[in-house]
Amino acid sequence: MTKYLISFPSGAMVLHDEDLQAVSDASHAVVEQAKAAGVWVFGGGIDESVPPVMVDGDGTVTEGTYPQTRQLEGGYAVLELPSHEAAVEWAAKFATACRCAQEVRAFGYDPAS
């Protein structure tokens, strides 16, 4: 089985205030479906109020991040699934619940795990 990252950036979710509760309820329902199906690994949203830091091997901490990941935010789910097709099916469920398209990426196989 492969782990898949299903995600979206914050800016993709454009909602009116009156829709927030419905979207929250719908997305939590999909999470519960994934848990019940035994495919849920981890998920959540990036806390955008906490700024990122870079940590070097010697422990030096520097504020900021890599330029190419400056916009890393939004919501994420990691599911363990039997196929890319299954990941696309779950992404469609999240897209419906969150009212925005979802990106699907596969994690590389780790033979040590």
* Of the listed values (1) 75, 31, 28; (2) 87, 25, 20; (3) 43, 42, 21, grab the one calculated as Cα extents along the principal axes in Å from the structure here. => (3)
* When the dipole is taken about the Cα centre of the chain, and only Lys, Arg (+1) and Asp, Glu (-1) are charged at their Cβ, what size is it in debye, to the nearest 20? -> 340
* **Cut-off of 10 Å, at most 13 other beta carbons, DSSP loop: longest stretch of the chain lacking such chymotrypsin sites (Phe, Trp or Tyr not before Pro)** => 1-106
* Asked: GluC sites (Glu not before Pro), restricted to the range 56-113: which are DSSP loop and have at most 12 other Cβ atoms within 10 Å?
  -> none
* Excluding residue 87 itself, calculate the net charge of residues whose Cβ lies under 12 Å from the Cβ of residue 87, where each Lys or Arg counts +1 and each Asp or Glu counts -1. => -1
* Structure fact -> Placing +1 on each Lys and Arg Cβ and -1 on each Asp and Glu Cβ in the chain, then taking the dipole about the Cα centre, the residue among 46, 16, 96 whose Cα reaches farthest towards the positive end is 96
* Structure fact -> Where a ≥ b ≥ c are root eigenvalues of the Cα gyration tensor, a/c under 1.5 meaning rounded, otherwise prolate if a/b exceeds b/c and oblate otherwise, the range 8-52 counts as oblate
* Considering only 52, 67, 82, give the residue with the highest GNM mean-square fluctuation for the chain, with springs between Cα atoms whenever their separation is below 10 Å. => 67
* If contacts are Cα pairs under 8 angstrom and at least 6 residues apart, what is the relative contact order of the chain in percent? -> 49
* For the range 47-113, what is the relative contact order in percent, using Cα pairs closer than 8 Å and at least 6 residues apart in sequence? -> 17
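We did not get these values from a lab; they are worked out from the coordinates using the rules stated. Since this is a predicted model, take the numbers as computed values, not measurements. Every residue, glycine among them, receives a Cβ derived from its backbone with ideal geometry; neighbour counts consider all protein chains shown.
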